[in-house]
Amino acid sequence: MRAVLTWMMLTIAPLHAVAQDDVSSFYQGRALSLVIGGSVGGGFDSYGRLVARYMGAYIPGHPQIIPTNMVGAGGGAAASYIAHIAPKDGTVMAAVLPGTITDPLYQGLEKYKYDPRQFIYLGSANSEVDLCAVRADTGVTRLSDAMTHEVVIGASAEGGSTRDQPLVQINLIGTQFKLVSGYPGSREIFLAIEKNEVSGICGMGLPALRQQHADWLESGFLRIISQDNIKGDAELNARGISRTPDFARSDDDRRIMELIYSQQDFGRPYILPPALPPDRVNALRAAFLAALADPALVEDARKMKIDVQPVAGAHLQEIVAHIYATPAPLLERARQALLAPH
């Protein structure tokens, strides 16, 4: 038996080395493209450019990674590009919005130009607790206030968390939010808040809020009124910030929120095209996690006031498979919760 194990180790080790050599030869001297499905200056852009700066050093062959922005359809434009146009050789990856992955589940795959189940998941840079925050001059200081006072909320296109999360509140707990949708990204929504065109934003995590406007939070110009998450953030729980599911009117409504909020387990997801060579997938997934553990990246993230809590690609793949196996009746209820009121 020992002889067999020794033979297997001697056989596998050279094969692994050959695979690594093949990956290194492929990537050496190449430039990889990271397509960012959010606008320049927004939270997804900040994460994407940070990953691009460090990840190449951990890919065999050490290729350069060039970030580009592809905005549209709530992140769907980047996903469609990855599914149908991008080379399927491991030279292109994308940073997409969580709703890019989950919205086809609720809205029906036939409406989309891609199938999230077919992507290969590289991983996620963090997991999120989505929040709603509003201008202090609205007079709304807590979630219950938003059930009796109209608040104008800026939102992205269909599929973005800044649109989906306030819709869940409107439809399932009765907040009096009025959505103004169609903004390309969070940066543009914050500009609209500053100009008083809208009064708030939902579907943003605390690190992203701090990264873009820590001054607004510190001065009290912007107030966090809710956590759209089942468990919530420990810091915000201690401050008494309400969790939206605690206002659910029934157990079914709470289960629907739990399903919709599951996308926050992969707050900053990165995808690869289908049908990539397995050795390159393994190399890219390992490089992604190694880059996010790099002390220099972690320090840069701290200075940028963004949160890094990586989720492995294989685990993200399992989450996607699990939510796409949700029973039809529950899915239909979730679809209704994401429809804009007429």
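The simple spin-label model puts a point 7 Å past each Cα toward its Cβ; for A286 and K178 those points are separated by 5.6 nm. If you wrap the Cα atoms of the range 130-263 in a convex hull and average its projected area over all directions, you get 7.3 nm². Annotation: for a label point projected 7 angstrom from Cα along Cα→Cβ of H84, residues of the range 105-127 with backbone N closer than 19 Å are 105, 107-120. Here the simple spin-label model places points 7 Å from the Cα toward Cβ, and for E299 and E150 these points are separated by 5.2 nm.
Output the relative contact order of the chain, whole-number percent, from Cα pairs under 8 angstrom with separation of 6+ residues. Could you put the intermediate results ahead of the total?
Numbers: 663 pairs, mean separation 86.1, N = 342.
Over the chain, the number comes to 25 percent.
Which value at 222 nm does the chain reach when only helices count, each DSSP H run of 4 or more adding -39,500 (n - 2.57), with the total divided by all residues and rounded to the nearest 500 deg cm²/dmol? Spell out each step's value before the answer.
Details: 13 runs with 155 residues, N = 342.
Here the helix-only value at 222 nm equals -14000 deg cm²/dmol.
Note down the relative contact order for the range 130-263 as a percent, whole number, built from C-alpha pairs under 8 angstrom at least six residues apart. The partial results should precede the final answer.
Values: 231 pairs, mean separation 43.9, N = 134.
This gives 33 percent for the range 130-263.
For the range 313-335, the residues whose amide N sits under 12 Å from a probe point set 7 Å from the Cα of D252 along the beta carbon direction are 329-334. Packing order of peptides 143-150, 298-305, highest average first: 143-150, 298-305 (average count of other Cβ atoms within 10 Å over each peptide's residues).
Values in this text are rule-based calculations from the coordinates and carry no lab data. Everything numeric in this text was worked out from a predicted model, so none of it was measured. Counting neighbours? That spans all protein chains shown, and the Cβs are built from the backbone with ideal geometry, glycine included.
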